[in-house]
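Let me begin by presenting the structure, written as structure tokens, before commenting on it.
The values are calculated or read from the model by the stated rules, or taken from the named source; none is laboratory data. These numbers come from a predicted model, not from an experiment. No Cβ is skipped: glycine too gets one built from the backbone with ideal geometry, and neighbour counts run over all protein chains shown. With ligands, DNA and RNA removed, areas are computed over all heavy atoms of the protein, side chains included. Shrake-Rupley method; radii C 1.70, N 1.55, O 1.52, S 1.80 Å.
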Amino acid sequence: MGAAAAPTEKKIRNAMETANCNSDLKTSPLTVAASISLPVMTPRVIELCKDLFENWSKLDDSRFSVETVSGGITNLLLKVSVKEDNGNEVAVTVRLYGPNTDYVINRERELQSIKYLSAAGFGAKLLAVFGNGMVQSFIDARTLTPADMRKPKLAAEIAKQLRKFHEVEIPGSKEPQLWNDIFKFYENASLLQFDDTEKQRKYKTISFKDVYNEVLEIKELTDRLNAPVVFSHNDLLSGNLMLNEDEDKLYLIDFEYGSYSYRGFDIGNHFNEYAGYDCDYSLCPSKDEQYHFLRHYLEPNNPHEVSDKDLEALYIETNIFMLASHLFWALWALIQAKMSPIDFDYLGYFFLRYNEYKKQKEKSCSLARS
């Protein structure tokens with residue numbers, strides 16, 4: 001992971017104000033750089049935990065152990081285990097935001113939604129926020145792989161959980177944010193300048209006029225669908241799904257991109273994620289696999305009672321929004337290519353997503369027109 005950019009005072013203050021709407025939430029202005037090695041990071045994480053949680057403040061550092069849970073392409077997750085005076089060992093998850101992620105993630109929106117999603121039984125409980133991250137309860141479960149998501153039993157459970165997720169009401173504006181976010185990404189992505197000459201050369205091959213026209217065309221097409229607006233996860237990839245196999249319990253986690261958006265986008269985006277980070281789109285669900293998922297989404301208790309008409313309508317809605325998902329993450333990747341120090345080929349990811357968009361466009365658009 002790269003160096004954590006020091007957050008501005010305003011961003012910290014905004015996060016604290018949002019967090020303080022929950023009186024149980026602890027806050028600290030401290031930050032922990034995500035770029036440093038774990039041995040160097042450990043005492044800083046311990047200091048942070050002592051600052052946040054009063055009952056740990058007097059404990060000896062030897063009572064704490066810190067380990068990396070995962071390093072994604074946005075955040076660094078740490079498991080902090082603590083031996084308390086009563087002999088119990090407790091664990092929390094410390095999430096360090098990726099540097100410069102404020103360009104693509106609305107942290108105030110995230111903190112607002114976590115409170116209500118947690119109360120509805122989704123994700124880990126939010127315990128504290130600090131200068132460049134948050135602390136949540138630790139979920140004892142394994143992260144899914146893209147291959148897991150296509151297993152019929154798990155696909156059905158993901159569909160049922162996503163339906164429940166979409167039924168959670170988050171206070172505030174219900175205006176769908178998808179196209180606002182895409183146009184914001186477009187504006188930022190189209191004005192970049194890379195120091196690396198090879199990156200700049202590849203970037204210059206992109207026709208932003210064409211990209212803009214594609215965005216307008218798909219927006220116009222999706223507007224005709226009148227798709228339901230729900231509070232959406234918007235990033236339901238395998239890494240944001242966890243399974244406790246002993247309890248047979250599935251968890252949806254990480255709501256960084258959560259917002260009011262279109263039902264079809266959330267489902268279609270999930271289907272695109274069957275391809276994994278390598279973007280092997282041959283792994284995307286077939287029509288039969290999509291139908292299996294959609295039946296359990298529409299009628300979680302009676303999936304086989306879904307009418308053919310309702311099933312086909314949601315199938316069309318979902319496949320149109322799969323195009324919007326490609327545009328969303330393609331533009332996101334360009335911003336990350338400039339802003340993120342994480343070792344990931346974001347520029348290459350733009351072309352993978354945009355080329356797949358162009359490949360799928362005619363088929364999906366003809367579905368909609370039919």
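Take the alpha carbon gyration tensor of region 235-366, find the square roots of its eigenvalues, order them as a ≥ b ≥ c, and report rounded if a/c is under 1.5; if not, report prolate when a/b exceeds b/c, else oblate.
Judged from the Cα gyration tensor, region 235-366 comes out oblate (a/c at least 1.5, b/c at or above a/b).
Mind sorting out which of (i) 0.97; (ii) 1.00; (iii) 0.95 is the real Rg/Rh (Cα atoms, Kirkwood Rh) computed from the coordinates?
For Rg/Rh (Cα atoms, Kirkwood Rh), the calculated option is (i).
How large is ³J(HN,Hα), in whole Hz, for each residue of region 199-213 in order, when computed from phi with the Karplus curve 6.51 cos²θ - 1.76 cosθ + 1.60 and θ = phi - 60°, using x for Gly and Pro?
Here the 3J(HN,Hα) series is 4, 5, 4, 5, 4, 5, 6, 7, 8, 6, 5, 5, 4, 4, 5 Hz.
Computed FRET efficiency, Cβ-Cβ of K358 and D308, R0 30 Å: what is it to the nearest 0.05?
0.45
Is it possible to state the helix-based mean residue ellipticity at 222 nm for the chain, with each DSSP H run of 4+ residues giving -39500 (n - 2.57), the sum divided by total residues, to the nearest 500 deg cm²/dmol? What is it?
So the calculated ellipticity at 222 nm is -15000 deg cm²/dmol.
What FRET efficiency do you get for D140 and Y103 if R0 is 30 Å and r is their Cβ-Cβ distance, rounded to the nearest 0.05?
0.35
Where in region 137-151 is the amide nitrogen less than 15 Å from a point lying 7 Å along the Cα-to-Cβ axis of N88?
137-138, by backbone N distance to the label point.
Give me the extension gain from K174 to S286: residue separation times 0.36 nm, minus the current Cα-Cα distance, reported in nm with one decimal.
Extra length available between K174 and S286 comes to 37.1 nm.
Beta carbons within 10 angstrom, averaged per residue: use that to sort the peptides 289-302, 182-195, highest first.
289-302, 182-195
Would you mind checking K164/K309; K151/K363; K125/K287; K58/K79 for any pair whose Cα atoms are more than 28 angstrom apart?
Pairs exceeding the cut-off: K125/K287.
For V69, list long-range residues whose amide hydrogen, built 1.01 Å from N in the peptide plane, is under 5 Å from its own amide hydrogen.
Hits under the 5 Å cutoff: L77, L78, K79.
Tell me, what is the 1.4 Å probe accessible area of K338, in Å² to the nearest 10?
80 Å²
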